[in-house]
Amino acid sequence: MRVAIFSTKKYDRDFLSAANDSHEHSLEFFEARLTKVSAPLARGFPAVCIFVNDVMDEATLTDLAQHGLQVVALRCAGFNNVDLSAAAQLGIQVVRVPAYSPHAVAEHTIALLLALNRRIHRAFSRVREGNFSLDGLMGFDLHGKTAGVIGTGRIGILVAQILKGFGCDVLTFDLRENPDVARVGAHPVPLKELFERSDLISLHCPLTPETHHLINAESISQMKPGVVILNTSRGGIVDTDAVIGGLKSGQIGGLAIDVYEEEADLFFEDLSSQVIHDDVFARLLTFPNVLVTGHQAFFTREAMEQIAATTLSNIAEVESGIECRNSVPSTLVQRT
Ligand code: NAD
């Protein structure tokens, strides 16, 4: 199939081109994000492949449907950036990569936790400047602490398992029961109890209308003073203004995020020579106890290989008329 691929960097092109050795797709790469401005580039392509910050809204779907669009292939797990009901009405299939390497994201979550807690990011810069002072670098033992994991799907369960390995008491909350929670030695509890008892809270649920701003002023007020919050899921789960309030008051003792509500205008680009216009984001970067990475949790070699292989197989399945096992049903609506 002819595939227009948006938001591509060199690494995307390399992995997708290599995976295409097993297919005969005609791949056209665009560096641009898919927005209503760049959408005309995709006219005439039966397949459009997008990533986390591309916007496939009703207007773009309608426009591209008129030019032969048959399938939207997400090269990620989340699908909050696609209007699924519009796609269904237009007869456009939406396919995704539901699981590539949950280990990649789980391990990055723990990397953020360890770096933040032991101030590795600050120590690294200090030592390179010849500053060997320990002031401000004190962390806490993870052993014996209570960790709360919200969302015990593929990634959350691995995070729970790793935290158990550190000797944490792990509490979980999910809408669905998962027998693996007991297997890894964690304990499901109501959400309020998780907020009240956890020393650290890690978010692994999808962004949905229910989870939008799940971490807000009210939930933060229910948490233990000094709680550490980790978000490698989706930015919109956290109300950033409320978190800034919590950081200023000390109610939140640390924040590590790989995702941010308004990341679309920032992440994946080198903006080091430009002024950042997002004052909320700029404020976040001023806290010594905030660690931000730019949506890189998925970024391992294994995950990239899997993403490329599954994306191209999904498109091949749609092309050959087979029911694609990675279709996103239109009933699963996530919020942008
Ligand atoms: P998954 O579907 O396997 O698990 C999600 C879990 O969240 C499910 O068990 C589901 O029941 C639960 N859930 C749904 N609504 C909930 C709610 N209101 N409260 C509590 N739990 C709820 O997904 P996954 O593969 O584990 O991925 C989790 C999230 O991680 C994805 O939604 C995606 O947004 C994010 N993600 C981020 C990156 C990254 O690079 N930062 C990479 C991949 C995935």
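Filtering 195, 268, 166 for residues that are assigned by TED's automatic domain parsing to the domain that holds residue 147, within 29 Å of residue 81 (Cβ to Cβ) and modelled with pLDDT of 95 or more leaves a single hit, 195. Scanning the stretch 223-242 for residues that are within 16 Å of the ligand (Cβ to nearest atom) and over 26 Å from residue 80 (Cβ atoms) yields a count of 0. Within the stretch 261-275, the set of residues being part of a loop (DSSP other than H, G, I, E, B), more than 12 Å from the ligand (Cβ to nearest atom) and touching a residue at least 24 places away in the same chain (Cβ under 8 Å) comprises 261, 262, 266. If you check 154, 176, 183, 197 for being of a type in the set (D, E, K, R) and in contact with a strand residue (DSSP E or B) (Cβ under 6 Å, 6 or more places away or on another chain), only one passes: 197. Residue 52 meets all of the listed conditions (1) under 18 Å from the mean Cα position of the chain (by Cα); (2) closer than 30 Å to residue 142 by Cα but one, namely (2).
Restricting attention to the stretch 222-260, which residues are of a type in the set (A, V, I, L, M) and assigned to a loop (DSSP other than H, G, I, E, B)?
223, 259 - these are the residues of the stretch 222-260 that are of a type in the set (A, V, I, L, M) and assigned to a loop (DSSP other than H, G, I, E, B).
For the stretch 276-315, the tally of residues that are aromatic (Phe, Trp, Tyr) and either more than 20 Å from residue 114 (Cα to Cα) or more than 14 Å from the ligand (Cβ to nearest atom) (or both) stands at 2.
None of 253, 245 is away from the ligand (no atom under 16 Å from the Cβ) and either surrounded by fewer than 18 Cβ atoms within 10 Å (Cβ to Cβ) or of a type in the set (Asp, Glu) (or both) except 245. The condition (being closer than 20 Å to residue 290 by Cβ and surrounded by fewer than 20 Cβ atoms within 10 Å (Cβ to Cβ)) is satisfied by just one residue among 176, 126, 197, 154: 126. So if I check each of 259, 275, which one is assigned by TED's automatic domain parsing to the domain that holds residue 199 and in contact with a Lys or Arg (Cβ under 7 Å, 6 or more places away or on another chain)? Among 259, 275, only 259 is assigned by TED's automatic domain parsing to the domain that holds residue 199 and in contact with a Lys or Arg (Cβ under 7 Å, 6 or more places away or on another chain). Restricting attention to strands (runs of 3 or more DSSP E) lying wholly within the stretch 1-58, give those where 1 or more residues are of a type in the set (S, T, N, Q) and surrounded by 13 or more Cβ atoms within 10 Å (Cβ to Cβ). In the stretch 1-58, there are no strands (runs of 3 or more DSSP E) which contain 1 or more residues that are of a type in the set (S, T, N, Q) and surrounded by 13 or more Cβ atoms within 10 Å (Cβ to Cβ).
At least 1 residues being under 18 Å from residue 228 (Cβ atoms), touching a residue at least 24 places away in the same chain (Cβ under 8 Å) and near the ligand (Cβ under 10 Å from one of its atoms) is the threshold, and among the helices (runs of 4 or more DSSP H) wholly inside the stretch 64-181 those reaching it are 102-117, 154-165.
In the stretch 6-43, the residue that is farthest from residue 78 (Cα to Cα) out of those that are touching a strand residue (DSSP E or B) at 6+ places or on another chain (Cβ under 8 Å) and among the small types (Gly, Ala, Ser) is 26.
The values are calculated or read from the model by the stated rules, or taken from the named source; none is laboratory data. The structure displayed is predicted, hence computed values, not measured ones. Reconstructed Cβ throughout: ideal geometry from the backbone, glycine too, with neighbour counts over all protein chains shown.
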